[in-house]
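Notes to accompany the following structure.
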Amino acid sequence: MKRHWSDHITTIGLPLLVLVGVMALWQAIVTLGQYEIYLLPGPLDVADSMWQRRVQLLGYTFRTGTAAFAGFGLSLMIGVVVALLFSQSRLIRQSGYPYAIFFQTVPIVAIAPLVITLFGYGLVSVIVVATIISLFPIITSTTTGLITTDPGLVDLFRLNRASRWQVLWKLQFPGAIRYLVTGMKTSSGLAVVGAIVGEFFSGYGVGAQGLGYFIRSSSDNLNTPNLFAGMICSTLLGVGVFASIALVERFFLRRWIY
């Protein structure tokens, strides 16, 4: 029991200690360097900005989070379906995999204007951008898990006259869950990035904006404390999404992973 609590204290305490050290160093640099606030605000300036705009930032974070979760959910569904198709045929995999790589290698800032042209300004375009940027890790991780099943187990299933459907759902897919969760963890952070990038170009309309719009407008107006506040909210949102996936992994998928 003592060791259990010691592990928790180490896991939580050390990152907090590093955070306090970074904040102190940051404040010291700003104070000693006498930087103007529009060049480099101190952590106290950023904290004040976040407090003064807390309601506004909560609304921005909620809208960005909604788009990120929607994009992540779509990428999860599409990615698993594509991975299942890839795992069933080498010909299909060799034909379609280069296009999956294409969506990963093309800069999302180049795709976003095209998405807006097709879907217009608003939430739909933001979700599409978030889906595109978070799709590839799901496809690659899940496909890898499906095609690396132990050949001996596959032969055992076939020896017992299992159908392809039974091999897929009772052997391959449970064995690929660990790979799928790994891809989900990567995609969850990318979905937040995609939502923010989509908001840079699209937004949601007058009076309903997200963190991407807030960051861009703060940068354009040289309001650096607001810029840092938006960046921190974006980081916290990404951490929250990642933590949600970790909780799903720990409590709901323990049957396959552990």
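The values are calculated or read from the model by the stated rules, or taken from the named source; none is laboratory data. In this text the structure is predicted, and so the values were computed from the model without any measurement. Because the Cβ atoms are built from the backbone with ideal geometry, glycine has one as well, and the counts that use them run over all protein chains shown. Ligands, DNA and RNA are excluded from the accessible area calculation, which covers all protein heavy atoms including side chains. Shrake-Rupley method; radii C 1.70, N 1.55, O 1.52, S 1.80 Å.
Some points to look at:
- Debye, to nearest 20: dipole size of the chain, +1 on Lys, Arg Cβ, -1 on Asp, Glu Cβ: 1180
- Cα-projected label distance for Phe62 with Phe119, points at 7 Å along beta-carbon direction, nm: 2.2
- Carbon/sulfur fraction of accessible area - the range 1-147, other protein chains in place, 1.4 Å, %: 73
- Highest mean packing first, where packing is the average number of other Cβ atoms within 10 Å per residue, the peptides 232-244, 17-29, 124-136 line up as 124-136, 232-244, 17-29.
- Protection proxy ranking of 44-53, 142-151 - average other beta-carbon atoms within 10 Å, highest first: 142-151, 44-53
- Under the Karplus curve 6.51 cos²θ - 1.76 cosθ + 1.60, θ = phi - 60°, whole-Hz ³J(HN,Hα) for the range 71-83, x wherever Gly or Pro sits: x, 5, x, 5, 5, 5, 5, 5, x, 5, 4, 5, 5
- Packing, as the average of other Cβ atoms within 10 Å across residues, places the peptides 184-194, 111-121 in the order 184-194, 111-121, highest first.
- Gain upon complete extension [Met77, Ile147; 0.36 nm per residue less C-alpha separation]: 23.3 nm
- Computed from point charges on the beta carbon alone (+1 for Lys and Arg, -1 for Asp and Glu), the dipole magnitude for the range 116-258 about its Cα centre is near 660 Debye.
- Take the range 1-135 with all the other protein chains still there, run a 1.4 Å probe, and you get 66 Å² of accessible area per residue.
- The HN-Hα couplings worked out from phi for the range 178-193 by the Karplus form 6.51 cos²θ - 1.76 cosθ + 1.60 (θ = phi - 60°) are 4, 5, 4, 5, 4, x, 5, 5, 5, 5, 4, x, 5, 5, 5, 4 Hz, whole numbers, x standing for Gly and Pro.
- Relative to the longest principal axis of the Cα atoms of the chain, helix 2-33 runs at roughly 40 degrees.
- For a paramagnetic label modelled on Leu19 (point 7 Å from Cα along Cα→Cβ), amide N atoms under 17 Å away belong, within the range 231-251, to 231-244.
- With contributions of -39500 (n - 2.57) from each DSSP H run of at least four residues, the per-residue ellipticity at 222 nm computed over the chain stands at -28000 deg cm²/dmol.
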